[in-house]
1. Just need the relative contact order of region 558-605 here, percent rounded to a whole number, with Cα pairs under 8 Å and 6+ apart.
2. How far apart, in nm, are two points set 7 Å out from the Cα along the Cα-to-Cβ line at residue 47 and at residue 205?
3. Rolling a 1.4 angstrom probe over the protein chains, ignoring ligands and nucleic acids, what is the accessible area of residue 571 in square angstrom, nearest 10?
4. Given the pairs 295/432; 17/405; 195/230; 49/380, which are separated by over 21 angstrom at their Cα positions?
5. Please give the solvent-accessible surface of residue 647 in Å², to the nearest 10, using a probe radius of 1.4 Å with every protein chain present.
6. Quick one: order 535, 574 from most to least accessible surface, probe 1.4 Å.
7. From largest accessible area down, sort 57, 287, 227, 520; use a 1.4 Å probe on the protein chains.
8. Could you put 250, 460, 99 in order of accessible surface area, largest first, with the 1.4 Å probe and the full protein assembly present?
Amino acid sequence: MSEVKKPVFQPNAEFSKTARVKNMSEYQALQDEAINDYEGFWKRFAEEKINWIEPFTTTLDESKFPFVKWFDGGKLNVTTQCIDRHLDTRGDKTAIIFEGDRGDTQTITYSELSKNVNKFANLLKEDFGVKKGDRVVIYMPMIPEVAYAMLACARIGAIHSIVFGGFSAEALKDRIIDADAKVVITADGAFRKNKPYMLKTVVDAALEGDTPVKKVLVIERNKEEITWVKGRDFSYAELIKDKSEKCEAEIMDSEDPLFLLYTSGSTGKPKGVQHNTAGYILWAQMTMEWVFDVKENDTYWCTADVGWITGHTYIVYGPLAMGATTVMFEGVPTYPDAGRPWKMVQEHKITQFYTAPTAIRVLHKMGEDEPKKYDLSSLKVLGTVGEPIDPPAWKWYYEEVGNSKCSIVDTYWQTETGGHIISPLPGATPIKPGCATLPVPGIIAEILDPVTGKKVGLGESGYMCITRPWPSMIRGVWGDEERFVKSYFSDVKKDGKAVYFTGDGAKYDEDGYITITGRTDDVINVSGHRMGTAEVEAAINKDNNVAEVAVVGKPHEIKGEGIFAYIVLKSSVENEDAERKSINSIIKKEIGSIALCDDIVFAPGLPKTRSGKIMRRILRSIAKGEAITQDISTLEDPSIVAKIEAMVNG
Ligand code: WTA
């Protein structure tokens, strides 16, 4: 590609010397290899990187696209890749460094990890009767046992489905039922800001009434008083005591499911995104190597929660697959003060640090000078994920945290992509603030015009698509084939053939770099967490006073986007603030605190077309305080717009 224009930051020359991909010609050579011989490229890496129990016979089978098969005929187990194969050479190497909220730490070597996972797997098999293909829901805090739980499931071929600990009982119940899970693994609770918080109580509430769950395993972390349901709830400490440290790994096919992870889409019902075995683990490992360039003696820290895809791929599966040392943190980045992460970087000599722009904005705002107080010289690569990063936050991260010597990898990807798809490579790619830059080698991603299906030109916007199936691609929406096809493969066609559409808009700049411009559907990105507007609306609709509701995203200084709700009440209420509180408490009960509305406006009506469709674009403009430029003459009642505008913007 031609020389990249300013403002641009070149990779650190010293770092590039030993990086896996050292410059743009090496990057281009890899990408050319993938473009010229797509299957050959992936065959080469799958053979090189994976410890196969039996080799695969076909690299890619697209005959039933979008239902594709990668590495068919191959047999493997993800835990052999993540644990057993390291035991000879890295048995005493630290696999996980855990740091608790209160500063307590624990290190777990690869050989200890192996024992813990095998014992856990034996427990699930022997005491709970968990078999290959069974679904196990994990609702846990950030403690090492959550990694053991995930890997124990993988060891015996059970499919885990982690539900983020911030989700409410109702949300947990919906996910348990959708996955038809018979086991839940949880903890009494954990610690946040030096205070215990509870999880088991939420599980108890979720399991009220009819559910498929027969057994609950409880890890005791904060040792708070909890209720034990006889015959259903069991103590991990008790059961694990007499388990064997050996457990044969179940022999899995390349395309056997590994896990489900529920995520928001444009309907009210979250989708169980399914990832399968071989393709997922291959890409988790390759992106760890390329995008973070983690080396044997590095200590890598991703601050995500395992309840999200980032925690799956880049705290547990990716780092362990490559035999790295991964840090797990129970607490919050601003406790006891906004220097906490930097103190941890200093103490653990962190080399790669990966977090969300929301966290960077908070740390910047609350502790602009904190990085100066610590020795951050161990850092080599800084990463961001989950939402666009604004230039001021980027600049502070680059200059103050990275001392203007670390590459920032702005990684763009999704639950559905399993791993990074667009990202700089730290030793090769010249970077620009707020720009995800280029496809990771092997990913054929293009910004397409949704109407013509043609690639848009430089300086133009379109839909972010992936035009060839890739190994860690979503394999299905649990129990709903039609929704899988409709959600991802029905919006954009290239040369008459459906391609994967991410749901995001994007733009090429004058250098052909990709900038993600945000969702094109009704998904809001709150602090890097995906929330479907329909999900929030369904929760609000449960309030008896609510006649109609529409929610939209509104830019928020810290969270990126906040939730703004327009509500039409059945009849006016005496105390509007009390009604707002009641609506937010329903959201908290139905979804969790992450979906609380920042703004609730009681509107006289909603702007609708004559066919009854709510014009969200107008509502978004009003929430942002923008002038309405859309044609409103086609609305059923155009006067409603001015009325709402007057209420919101005065
Ligand atoms: C957004 C998180 C801009 C995007 C891994 C995507 C980003 C959604 C970036 C996926 C980025 C993620 N720049 N936007 N670097 N990374 N997004 O499934 O809208 O929780 O579709 O996966 O986050 O969110 P998810």
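The values are calculated or read from the model by the stated rules, or taken from the named source; none is laboratory data. Bear in mind that the values here come from a model prediction, so they are computed numbers and not experimental data. Methodologically, a virtual Cβ is constructed for each residue, glycine included, from the backbone with ideal geometry; neighbour enumeration extends over all protein chains shown. When the accessible area is computed, the model is the full protein with side chains, heavy atoms only, and any ligands, DNA or RNA have been set aside. Shrake-Rupley method; radii C 1.70, N 1.55, O 1.52, S 1.80 Å.
1. 60
2. Using points 7 Å along Cα→Cβ, the separation is 5.5 nm.
3. 80
4. 295/432; 195/230; 49/380
5. 100
6. Ranked list, largest accessible area first: 574, 535.
7. I get 57, 227, 520, 287, largest accessible area first.
8. Result, largest first: 460, 250, 99.
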